[in-house]
1. Report the charge-dipole magnitude of region 1-109 in Debye, nearest 20, computed about the Cα centre from +1 at each Lys and Arg Cβ and -1 at each Asp and Glu Cβ.
2. Rank these for me by crowding, Trp17, Trp203, going from fewest to most other beta carbons within 10 Å.
3. Quick one: plug the Kirkwood hydrodynamic radius of region 49-146 (C-alpha pairs) into Stokes-Einstein at 37 °C, 0.692 mPa s, and report D in µm²/s.
4. Cα centroid distance between region 72-115 and region 6-29, in Å?
5. For the pairs Lys67/Lys105; Lys105/Lys184; Lys34/Lys67; Lys41/Lys105; Lys108/Lys152, flag any whose C-alpha to C-alpha distance is greater than 26 Å.
6. In a Debye calculation with equal point scatterers on the alpha-carbon sites of region 1-42 and no solvent, what is log10 I(q)/I(0) at q = 0.23, 0.25, 0.31 Å⁻¹?
7. Starting from region 22-111, pick out the GluC sites (Glu not before Pro) whose DSSP state is loop and whose Cβ has at most 10 other Cβ atoms within 10 Å.
8. How long, wide and thick is region 68-209, going by the Cα atoms along their three principal axes, in whole angstroms, largest first?
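What follows is calculated from the coordinates using simple rules that are stated; it is not laboratory data. Predicted, not measured: the structure shown is a model, and the values here were computed from it. Counting neighbours? That spans all protein chains shown, and the Cβs are built from the backbone with ideal geometry, glycine included.
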Amino acid sequence: MTIHVIGGGLAGSEATWQLVKRNIPVTLHEMRPKKESPAHKTEYFGELVCSNSLRANNIENAVGLLKEEMRRLDSLIMATADATSVPAGGALAVDRVTFAQNITKAIKGHPLVTVVEEEVTQLDFPAEDYVIIATGPLTSPALTQTIGQLVKQDYFYFFDAAAPIVTRESIDDTIAYKASRYDKGEAAYYNCPMNKEEYLRFWQELCAAECAEVKDFEKGMSLKAVCLLKKWPNGARIPCALVP
């Protein structure tokens, strides 16, 4: 009997770690770097392809409580995130490269882990083996089709929020200022105070700004942009928070 984990992302790396710490050998299948995904840039396990923030870190928040539960279960992801954290107010954010490198080192360096760098396209493992599929939203087309046939579904999509990106040199420090988020943690977020006229101009410029090129795997899907706003107590200004 062999336990196979397919996918070396956050879930696959954590599943592998929890098994081997219980002295259970694991064969971890990861298609990168032999076959790249549309979004990954490195060969590291646990690579974050979107935000480097793992969201709220305080236990009064549901996601913060989940993090604490994971810590108490000796989570590799949480231990690595805590060790590679960067200032982010009340959130837990990480140095994405060091974070992924450290996860890779821990997994590949464990004597009970066998890493197979090949794309899995069929789930034709021996009947006595156990298989954990942890390939996430960037599952390869071939494996997506195989999973779809297995569960008789064909609409496996997941998209998170997409935030506009600004360059550091474009921020005017005589206007923008750093502050904490929700008055929690250190001053790690740039705040841009605007009156109504300024905000409407900002909104118009944002809508007309250069757009990221849509990748092939995103074409034909409906994407929505959402802007979250929070008024100041006096209602006179609307701050726009930007993560540096």
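1. Values: 13 positive and 11 negative charges, 57 e Å.
Result for region 1-109 is approximately 280 debye, rounded to the nearest 20.
2. So the residues, fewest neighbours to most, are Trp203, Trp17.
3. The Stokes-Einstein estimate is 206 µm²/s.
4. The two parts, judged by their Cα centres, are 14 Å apart.
5. Result: Lys105/Lys184; Lys34/Lys67; Lys108/Lys152 exceed 26 Å.
6. Debye output, listed in q order: -0.76, -0.84, -1.07.
7. Glu60
8. So the three principal-axis extents are 65, 36, 27 Å.
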